[in-house]
């Protein structure tokens, strides 16, 4: 995986260098219509094509482009945003229709498309696959917005005969959508999405499918955990059948690993006396959640702790937080500490190092007892 | 499962009949401190006990009660909100210390506690288990609030020797917390939470644990789906080890069913040519998500559709929605329809039946073309 050597997209998001003047977006669902909106905002003339004219009309009315056909010789880039099973045909047709254009698709699985194109007599130099890591619980053009891709990873998967100019054109589309372009090998990409997207989707489907065996009475006890785990299982089965079928080998390999982990989990739960395996699997889960990068991949900041003695009369904490808010300081975290010898409790407020001294002064001025950190 | 025949809690949430005057809450984490806040708001004097005095102090400063010890003879109800493994000892001790009090616990698994108490010489008539279906991603007293249980299910699990007066006392606590009391048999409750809480937790743990084998580069491609599926796996492993161990047989039985479903899913994905099994499992997942009741268990309303012809110039839809908003009408759903003969698209706006005529008038007055439903 390589970061593309491009200018910082944040520096000039609305006028990236080299953005094509005329684009065609084929397929105006959520992704296609959102790309149309972003490219239009960036100054590109976007022509919208969809076999459902009403979808193209909705996308146009949201500012994604125009529904008129372009002069094919003018088109510099084509973005194919149709369902996975239709991608090879539509890309092949676009390469032949728009003879000067770079063609990209935004499908979730890349190897099958490339293999299918490779077998045809199409000018494959002008094709460069890509995959924006963005979506929404809603689908269709109504949910489209130009900001859908802002700060998201958008993978570009060139092949060995991709023209450099075409790779750069696709990168300029990504940058115009305010996404972060990342170049990956086709097979590496497909293996990665099997792990971080297709496998979690199927775990959600397994759990949700199992609910068909659960009574309505029992489901009254459902909480947020169940809703979170099963949310993605509500997605379009037709679309997901196409995605999963296109990446079947990689997905099956991940499922087989989970199958072994499930067997070991069952063994740990059934063990008498209780084995250490259950605790180990639970802790492994916690470690796993921490590996998921934050939305912007930001590193945690080193905060400073301001420690305050806790009074226990009602309303005291509300007053403390009012004091903090009046001082204009953001509390990043709060923890409770206890001094066993003094039998007194403390609140440790984590704040950015620059604001710590000001906060201490404000708290002390309000009559609170600021302690040094108990463990200092 | 039986709904308790109680007055509508919404009618007088702050003064439920028969609410005890003096309560003890033992364990002032999120749940205990929130119960303390709700009971205090309802007019009860609440004494907070915690082996971490600092937690009781924080809870007190948030309005959950006082940290002074009560006169034991005055105490009418004791709520035990300690970690699962400690519940039997603490309940048993409370039954002997507070000789006039009903004692309940709020643990997630009920059979083990009851069995342990049954073996001891304690006045078990005054014990009635319960389980509020509420929580938060945050833990500890800092996150406590009196509204945590509002409109949530709170299961009450009496046993065959529970005194009627004690069952009513626990129900009054539930009602004072603005939760919906539901009575269940102990074993039925434990089987239900195995299905709707413990199993989804472990599916999340399996997926999160698997991320330890995934590279940081691949994790850059993670989206919201992965975050949702793995969120609950970040919960406290020590707490969950206790919960799952206490319900091991029921949980293992659910896991074995999922194990069979996973094997069939792997078979469907690996089948060549593609089997219909994959699509069937994906559709079964969608059906399963629809079985989860809404937050308030509300039935879907029959909406009426107002159908508008879509103009495709930029900004048109924004104008339409501004017109709708000015008319004060809530749009419940929007779908796109297409007339193949006329080659024109329509938006179908779902609104409550009473508002439909007003909306049609407002839209037509603004110059939009309102169509009858294309399928009429």
Residue list for region B:237-252, restricted to those being more than 7 Å from every other protein chain (Cβ to nearest Cβ), within 18 Å of residue A:273 (Cβ to Cβ) and either crowded, with 17+ Cβ neighbours inside 10 Å or in contact with a strand residue (DSSP E or B) (Cβ under 9 Å, 6 or more places away or on another chain) (or both): B:242, B:243, B:246, B:247
Index of the failed condition, residue A:230 passing every other in (1) within 10 Å of chain B (Cβ to nearest Cβ); (2) part of a helix (DSSP H, G or I); (3) surrounded by fewer than 24 Cβ atoms within 10 Å (Cβ to Cβ); (4) under 21 Å from the mean Cα position of the chain (by Cα): (3)
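Which strands (runs of 3 or more DSSP E) sit wholly inside region B:75-142 and have at least 3 residues that are away from every other protein chain (no Cβ under 14 Å)? Break it down into steps so the answer makes sense when it comes.
Details: elements: B:77-80, B:102-105, B:129-132.
Hits in region B:75-142: B:77-80, B:102-105.
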Region A:341-376 - residue that is at pLDDT below 75 and touching a helix residue (DSSP H, G or I) at 6+ places or on another chain (Cβ under 9 Å) and, of those, farthest from residue A:323 (Cα to Cα): A:343
Considering residues of region A:130-147 that are touching a strand residue (DSSP E or B) at 6+ places or on another chain (Cβ under 8 Å) and at pLDDT 90 or above only, the residue surrounded by the fewest Cβ atoms within 10 Å (Cβ to Cβ): A:133
Qualifying residue in region B:124-131 (condition: touching a residue at least 60 places away in the same chain (Cβ under 8 Å) and not assigned by TED's automatic domain parsing to the domain that holds residue B:237): yes
Tally, over region A:185-218, of residues that are without any contact (Cβ under 8 Å) to a residue 12 or more places away in the chain, assigned to a helix (DSSP H, G or I) and buried (at least 18 other Cβ atoms within 10 Å of the Cβ): 5
Of residues in region A:285-316 being in a helix (DSSP H, G or I) and modelled with pLDDT of 80 or more, the one surrounded by the fewest Cβ atoms within 10 Å (Cβ to Cβ): A:290
Checking residue B:39 against (1) farther than 21 Å from residue B:242 by Cβ; (2) buried (at least 16 other Cβ atoms within 10 Å of the Cβ); (3) at pLDDT below 95, the condition it does not meet: (3)
Where a residue in region A:355-376 is surrounded by 14 or more Cβ atoms within 10 Å (Cβ to Cβ) and its partner, wherever it lies, is at pLDDT 80 or above and part of a loop (DSSP other than H, G, I, E, B), with Cβ under 6 Å and at least six apart: A:355/A:329; A:359/A:327; A:359/A:329; A:362/A:327
Identity of the residue in region B:253-284, surrounded by fewer than 18 Cβ atoms within 10 Å (Cβ to Cβ) and within 30 Å of residue B:105 (Cβ to Cβ), that ends up farthest from the other protein chains (Cβ to nearest Cβ): B:253
Single residue of B:160, B:178 found to be part of a loop (DSSP other than H, G, I, E, B) and surrounded by fewer than 19 Cβ atoms within 10 Å (Cβ to Cβ): B:160
Meets criteria (closer than 20 Å to residue B:150 by Cβ and within 7 Å of chain A (Cβ to nearest Cβ)) for residue B:182: yes
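The values are calculated or read from the model by the stated rules, or taken from the named source; none is laboratory data. Keep in mind the model is a prediction, meaning the values are calculated, not measured. So basically every Cβ, Gly included, is an ideal-geometry build from the backbone, and we count neighbours across all protein chains shown.
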